[in-house]
Every structure is written in structure tokens, then in C-alpha cells.
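Student: What follows is a single structure, and I will ask about it in a moment.
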Amino acid sequence: MNSNGKKAKKQAVIKNSTANVLSQEELARRIATVQEGMKASTWRELETRGRFTKNDKLTFISDDMLILGCDIGSEMHYARAIDSRGRELSRGAFSFSNSEGGFRSAKDWALELAAANDKRQIVLGLEPTGHYWFCLAAWMVSNGISVVQVNPYAVKQTKELEDNSQLKDDRKDPKLIANLVKDGNYGMPYLPEGLYADLRRLSMLRDQLTEDRIRNTNRLHREMKIYFPEYMDAFGKLDGAFTLEVLKAAPFPEDILKLGADGLKGIWHEAKLRGRGYSRADRIVRYAKESVGLKQGTRGGKKAVKIFAEQMTDLAAKRDEIEAELHQKCLEIPYAENILEIDGVGENILAGVLAEMGDITRFDDVKEIQKLSGLGLVACSSGKHKGETKISHRGRKRLRYWLFQAAKSAVSHAEEFKTLHVYYTARANNPLKKMQSLIVIACKILRVIYTILNTGQKYDPARMLKDIRHMSPEAAEAA
């Protein structure tokens, strides 16, 4: 090649290099423009101004929006990007770690795609997996990227629409999620803030402590069944204060016989216990004499019983401490004290309901909360076939649990709800089973709670019964 040819080739290389530099500069300028105009929308902007319908969701996904689908993992997340027509803009799945560096790399990747495809806003759709999505969602919203969530059941049901395959993995799921967002099949995530965040965490901690205590109680039952099978007849109940003090010091028959009735009373006196428990001392000794429990391995069994009994006592004290704080925070919510006027709805139930329900201002109607709790009615009917109506069981199961506990307690203690329960189960037209009646009453209590928190009015039993359209005036008057 002559010198003129080499010179021309060199000039061409320099020209291409300059073009690349300019394109990179242009891309950087576009990225800066996109980043400057990005704004994250949350449930406060979209759901508190009225019902966020399917049409509203489709309108929110505009043509100038980059749609990201993200499959959440404990350590790594996978994302893919599409436009509002479902065309994929990313080259396969982009993986990033569950850390600040990983989140930043995902944002830079999304910004570059948005700038290259003339997009002005970014929305991240995710499938909520345990608690692993909390930090990612909060970080993205704080950096101008809207976050929405899709139902995991919807992802599972649509997996074959993409490629007619039953395959479901971390690299396929992000596109399924993105397409669900594109079609408006998403919801706005809610992470409690301030007082409601503390309420939910304390309520969860209370449940965890309760579960731990139950677990230790069951373990204690096992040990006592082996070494002192007559323990329930002797002590009456296993988790009582008198019983636990004995189990810490002398759990098995041979230990009880060494102490005698006076020794047992000494243990209780030293623990400063008061009550009728002292009268059981002679009975415990009598059952210890007649016990048929195993005599081998008692040393290890005694150690286990002592540990379990100590943990039960400690967990009960910690649970009481958490409940006291939980009750105090509940009363900081406006008009929450009015709910306690319902007989049977105590502080524990109220705390559980409010913690699971969260900020009530995000709901336009009580039916939204009913659906959230899984108490919404569903039926499968087609043509002449009419399926059985039942509750969906989808949503926050702890909210459903506490509402059901409220219904059971109210039926036991409040005359108006007793009357309502009898009416539902004994009416001539379409009588309900007892469980169905309790579900209906749980929904009624939810409506009462929603009204009190929204309006601040006092609870009125007579007004509640008058709202039941088909109840006779005599039955309402009797209540």
C-alpha cells in the first residue's frame, strides 16, 4: 500500500473516532436531560385523588416511558426493558446485585436505554418476593424512577404467552412482568411510613414472639410427656406462673418427691407468687409418687425443660413489653380510641388491624380494604351453572386473621353482634352457616372501623343494626 493509501486510512480512522466521541457526547447530553426530567409517582400521587382504575393505569404508561421488568432475588436481580408497545429494547436480561452499587448500575443502564430510545420517564415493575424488594423500591423512587408491582399469580399464569413454554426462570420473568405493566395489570406498592411503619414492625415482632413461645411450649410438652406423663393432671396447665417456677427447679417426679409439698411452696414463695396455686402442692406430690415416666435420661431432659421454661417466661415478658408500646402507638392514630368502644374489640385486635391496614387515606372505599384482606367474595359461574360464592383468601392474611378475631370476640361480648349473628344464621331466607356469619360480621366490623377513622364519629350500636336493611325493627330494638 502506497503512502497516500495509508494516509487516507489513517484519516478515516480519525474521522470514525471523532464520530464515536460525538455520539457518546450526544448520548451523555440526552441522559442528563432524561435524568433532570424524571419524576417518581407513588400511591400518594395516584391513589389518594380517587380510584386508580384500569384506564388510569393504562394512561399512566405513556409512549415516552421506558418500562422495566425486574425479577427480585435475595442477592441478584434481573431486569429487561420494553417500550409501551411491548418491543424489547434491552439485549437480554441485565443482572445487578442487591446493593447500592448494583442499584446505581441498574439506573445507569436504564438511563442509557431511555436516552437512546427517546424516552423521558422510567417505570420499574417488580414481582414482590418476600422482603427483598423493599430496599430496591425505596432507592428507585428516591432516584426518580416510579415503582409498581404485579401479582406473582399473574406472572405464573402468563408464562406461556411469551414463548408457548412452561419455562419460568430469572431471565424470562422480567419480560413477563414488563408486559403485565404495559397492559395495566399492576398495583402501586405501599411501604408504611412513620407511625404506620412502627406499628407494622411491632405487630410483626409480637406475632414472632408469640410463635416462639408456642414453639417452646410444644417442646416442653414433649419432654414432660416422656418423664412425667401425669403432669397435666398434677399442674393443671403448663404455661402458668406456678408451673413454670416448679419446672425451672424440679420438673420431674424424683425432684418433686425430694422437695415435698413444703419445698414446692417455698419455690413459689421465693418467686413472690400469690394466689390459689399453693393448694396444688399436695396434689402435685401425689401424682409424682404414682408417675410411670422414664427414669433414664432425666439429666438431659431436666436441662431441656429448664431452658424451655425460662425461654417461655422471658418471651412472655418481652411480648407484654411490645404490646404495651403497640397499644400506645395505636392511640396516636386519630379517632382510634373510638373503635375500642366496640365490646370485644380490645387493644390487641385493634393494633393488629391498624398495623396490617396501614394509612387509611390510600383507600377510596372500604371494599378495597376488604379485597386487601382476602375477604372479597368470588364465584365461578358460566351459563346455567352458578358456582359457590366464597371469599378469595388473597391478600394480607394477617389482616384477615385479626378481622376474624374481632368478629369472634364481638359476637361473644357485644349484644348487638350476638343479635346480628343469630339473625344471619336463623333467618328464613338464605340462612348462613356459623362460619359464613362470622365472615359477614368481620366485614361489618371493618366497615365500622373505616367509618370511624374517616369521620371521627362515636360508635353507635343501634345505628349499626339499623343499617341492616332486612332486619326487622323488633330484632333491632331488642338488641
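Student: I need every pair where a residue in segment 26-52 that is in contact (Cβ under 8 Å) with a residue 40 or more places away in the chain and under 14 Å from I122 (Cα atoms) has its Cβ under 9 Å from the Cβ of a residue that is part of a helix (DSSP H, G or I) and hydroxyl-bearing (S, T, Y), sequence separation at least 6 or different chains.
Tutor: Here the result reads A40/S142, each pair linking segment 26-52 to a residue that is part of a helix (DSSP H, G or I) and hydroxyl-bearing (S, T, Y).
Table: residues versus (1) of a type outside the set (A, V, I, L, M); (2) at pLDDT below 95; (3) within 23 Å of R447 (Cα to Cα).
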site: K303; (1), (2), (3): yes, no, no
site: K306; (1), (2), (3): yes, no, no
site: E310; (1), (2), (3): yes, no, no
site: D314; (1), (2), (3): yes, no, no
site: A317; (1), (2), (3): no, no, no
site: D320; (1), (2), (3): yes, no, no
site: E323; (1), (2), (3): yes, no, no
site: L331; (1), (2), (3): no, yes, yes
site: I339; (1), (2), (3): no, no, yes
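Student: Output the residues belonging to segment 112-127 that are among the hydrophobic types (A, V, I, L, M, F, W, C) and either surrounded by 23 or more Cβ atoms within 10 Å (Cβ to Cβ) or touching a Ser or Thr at 6+ places or on another chain (Cβ under 8 Å) (or both).
Tutor: Scanning segment 112-127 gives L113, A114, A115, I122, V123, L124, L126.
Student: Just checking: which of the helices (runs of 4 or more DSSP H) contained wholly in segment 388-462 hold 2 or more residues that are within 28 Å of the chain's Cα centre (by Cα) and closer than 26 Å to F363 by Cβ?
Tutor: Answer list for segment 388-462: 397-413, 434-455.
Student: Limited to segment 65-89, what total is found for residues that are in contact with an Asp or Glu (Cβ under 8 Å, 6 or more places away or on another chain) and farther than 20 Å from A106 by Cβ?
Tutor: Looking only at that region, the number is 1.
Student: Another question, if that's okay. Taking segment 358-393, which residues are touching a residue at least 60 places away in the same chain (Cβ under 8 Å) and surrounded by 14 or more Cβ atoms within 10 Å (Cβ to Cβ)?
Tutor: Correct list: G358, D359, I360, R362, F363, V366, I369, Q370, S373, L375.
Student: Taking the stated definitions as given, is R51 at pLDDT below 95, out of contact with any His (no Cβ under 9 Å at 6 or more places or on another chain) and of a type in the set (K, R)?
Tutor: It is true that R51 is at pLDDT below 95, out of contact with any His (no Cβ under 9 Å at 6 or more places or on another chain) and of a type in the set (K, R).
Student: Quickly run through segment 277-294 and pick out the residues that are over 11 Å from A234 (Cβ atoms) and polar (S, T, N, Q).
Tutor: S279
Student: Going through segment 385-439 one residue at a time, which ones are under 30 Å from A154 (Cα atoms) and among the aromatic types (F, W, Y)?
Tutor: Y401, W402, F404
Student: Looking at A110, A116, which one is under 21 Å from R87 (Cβ atoms), of a type in the set (A, V, I, L, M, F, W, C) and touching a residue at least 60 places away in the same chain (Cβ under 8 Å)?
Tutor: A116
Student: Cβ-Cβ below 7 Å, separation at least six or inter-chain, first residue in segment 257-272 and under 15 Å from A234 (Cβ atoms), second in a loop (DSSP other than H, G, I, E, B) and hydrophobic (A, V, I, L, M, F, W, C): which pairs?
Tutor: Listed pairs, sorted by first residue: L259/A250.
Student: Which is in contact with a Leu (Cβ under 8 Å, 6 or more places away or on another chain) and of a type outside the set (S, T, N, Q), of R87, R80, R91, R104?
Tutor: On the way: R87 fails: in contact with a Leu (Cβ under 8 Å, 6 or more places away or on another chain); R91 fails: in contact with a Leu (Cβ under 8 Å, 6 or more places away or on another chain); R104 fails: in contact with a Leu (Cβ under 8 Å, 6 or more places away or on another chain).
After ruling out the rest, the residue left standing is R80.
Student: Filter segment 91-107 for residues that are in a loop (DSSP other than H, G, I, E, B) and either surrounded by 16 or more Cβ atoms within 10 Å (Cβ to Cβ) or in contact (Cβ under 8 Å) with a residue 60 or more places away in the chain (or both) and give the result.
Tutor: G92, A93, N98 - these are the residues of segment 91-107 that are in a loop (DSSP other than H, G, I, E, B) and either surrounded by 16 or more Cβ atoms within 10 Å (Cβ to Cβ) or in contact (Cβ under 8 Å) with a residue 60 or more places away in the chain (or both).
Student: Could you grab me the full set of residues in segment 163-220 that are of a type in the set (A, V, I, L, M, F, W, C) and within 16 Å of E325 (Cα to Cα)? Walk me through how you get there before you give the answer.
Tutor: Our first condition is that a residue be of a type in the set (A, V, I, L, M, F, W, C); within segment 163-220, this holds for 167, 176-178, 180-181, 188, 191, 195, 197, 199, 202, 204-205, 209, 214, 220.
Listed by number, the residues that qualify are L195, A197, L199, L202, M204, L205, L209.
Student: Another question, then. I'd like the residue in segment 221-258 that is closer than 28 Å to E325 by Cβ and either charged (D, E, K, R) or not assigned by TED's automatic domain parsing to the domain that holds A304 (or both) and, out of all such residues, is nearest to the chain's Cα centre (by Cα).
Tutor: The residue in question is D239.
Quick grid of which residues meet (1) under 20 Å from N216 (Cα atoms); (2) touching a Pro at 6+ places or on another chain (Cβ under 7 Å); (3) surrounded by fewer than 18 Cβ atoms within 10 Å (Cβ to Cβ); (4) without any contact (Cβ under 8 Å) to a residue 40 or more places away in the chain:
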residue: V285; (1), (2), (3), (4): no, no, no, yes
residue: G293; (1), (2), (3), (4): no, yes, no, no
residue: Q296; (1), (2), (3), (4): no, no, yes, yes
residue: I307; (1), (2), (3), (4): yes, no, yes, yes
residue: L315; (1), (2), (3), (4): yes, no, no, no
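Student: Exactly one condition in (1) within 21 Å of G277 (Cα to Cα); (2) touching a helix residue (DSSP H, G or I) at 6+ places or on another chain (Cβ under 8 Å); (3) not basic (K, R) is false for P229; which is it?
Tutor: (2)
The values are calculated or read from the model by the stated rules, or taken from the named source; none is laboratory data. None of these values were measured; they are calculated from a predicted model. Because the Cβ atoms are built from the backbone with ideal geometry, glycine has one as well, and the counts that use them run over all protein chains shown.
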